[in-house]
Ligand code: AMP
């Protein structure tokens, strides 16, 4: 594995590459990131993983300064997972002094995390667009753990006709259901024991859908009530939205508009998404819902 520190070195390394699978990350790598690398490895000749803690996607009171940056460990993880090139640029290489562009995807970015983290998805879309320009991947891999990010980026790629195919990969979880996240290390041991409640609430909703419940308000209430069992959680949202547009819906539809990701054999019509604070740590998770 080669470590590349500048955009210029990256271009030289990738000159002539035909099929490039790209996994953008903010580092503090875990099995979730590795699963993206593994899928990329299976589908592309060359796998590039970037590590860049993107300042523009953090709000003023968020965790940019304390975001974990275990670079040596990340290098070992990336190499073990099969990364060919690890691109770890400095902020100036991604945002040079005269950088003046912002990519803003309307609609799909405005609900859920978009309303609780203003400007977050502009930061994400802008950095991913720039990284796509630098890496010029044929395929790029994202985790459905961040389902809204997936939908925002798919909208961007479609609207701007960017020559890259996005692949969305399933959420990797701990054995008790907690979705892996670089931020889980902020949790105290007591909080860590409580954290799986979020996925339990999502599962309850998915099971109710399987049993035939279609009313969104009832389904949302089911999950909200479950999370309220533990007062340590401060819920930001627990919402069911359509896929891929993340519009408000009143009932789980019968596949009039469905979202299909190549990684799945099923078709999903909606997503149930949650964000909650547990102590100082903000956790997000979601579950995809199929109507049959
Ligand atoms: P991050 O470093 O948090 O920006 O995440 C980089 C990529 O890894 C994003 O596409 C995430 O959606 C994905 N990712 C993060 N956690 C997981 C997980 N538990 N399972 C699958 N993918 C994940």
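Rule-based calculations on the coordinates, nothing more; no lab input. These numbers come from a predicted model, not from an experiment. Using ideal geometry, Cβ is built from the backbone for each residue, glycine included, and neighbour counts are taken over all protein chains shown.
The gain in end-to-end length when the residue 206 to residue 248 segment is fully stretched comes to 13.4 nm, 0.36 nm per residue minus the alpha carbon separation.
The angle separating the long axis of helix 197-210 from the principal Cα axis of greatest extent in the chain is about 70 degrees. By DSSP, the beta bridges lying fully in the chain are antiparallel in about 55 percent of cases. Expressed as an acute angle from 0 to 90° and rounded to the nearest 10, what is the orientation of the C-alpha long axis of helix 71-81 relative to the principal long axis of the chain? Relative to the chain, helix 71-81 is tipped by roughly 80 degrees.
Quick one: grab the alpha carbon gyration tensor of the stretch 163-221, order the square roots of its eigenvalues as a ≥ b ≥ c, and give me rounded if a/c is under 1.5, else prolate or oblate depending on whether a/b is larger than b/c.
Details: a/c = 2.59, a/b = 1.15, b/c = 2.25.
Oblate shape, in that a/c is at least 1.5 and b/c is the bigger or equal ratio.
Between residue 31 and residue 69, what length comes free when the chain is fully extended (0.36 nm per residue of separation minus the Cα-Cα distance, one decimal in nm)?
Values: separation 38, 0.36 × 38 = 13.68 nm, distance 1.62 nm.
Extending this stretch completely gives an extra 12.1 nm.
Given a Förster radius of 41 Å and the C-beta distance between residue 12 and residue 176 as r, what FRET efficiency does 1/(1 + (r/R0)^6) yield to the nearest 0.05?
Rounded to the nearest 0.05, the efficiency is 0.35.
For the chain, the longest principal axis of the Cα atoms and the long axis of helix 147-159 meet at an angle of about 60 degrees. If R0 equals 35 Å, the separation of the Cβ atoms of residue 218 and residue 106 corresponds to a calculated FRET efficiency of about 0.70. Between residue 76 and residue 229, the contour length at 0.36 nm per residue exceeds the Cα-Cα span by 51.0 nm.
How high is the relative contact order of the chain, in percent, with contacts defined as C-alpha pairs under 8 Å that are six or more residues apart? Don't skip to the answer; put the middle values down first.
On the way: 534 pairs, mean separation 49.3, N = 292.
The value is 17 percent.
Note on the chain: with a GNM built from Cα contacts shorter than 10 Å, the maximum mean-square fluctuation among 31, 72, 165 falls on 72. If you take the Cα centroid of the stretch 143-166 and the Cα centroid of the stretch 222-256, the two points sit 22 Å apart.
Distance between the pseudo-spin-label points of residue 165 and residue 277 (7 Å out from Cα toward the beta carbon): 4.3 nm.
DSSP assigns beta bridges within the stretch 109-262; of those with both partners inside it, close to 40 percent run antiparallel. By the helix-only formula, in which each DSSP H run with n ≥ 4 contributes -39500 (n - 2.57) and the sum is divided by residues, the chain has a 222 nm mean residue ellipticity of -10500 deg cm²/dmol. Normalised by the number of residues in the stretch 142-292, the mean separation of alpha-carbon contacts (under 8 Å, six or more apart) gives a relative contact order of 24 percent.
Taking packing as the residue-averaged number of other Cβ atoms within 10 angstrom, the listed peptides 222-234, 127-139 run from highest to lowest as 127-139, 222-234.
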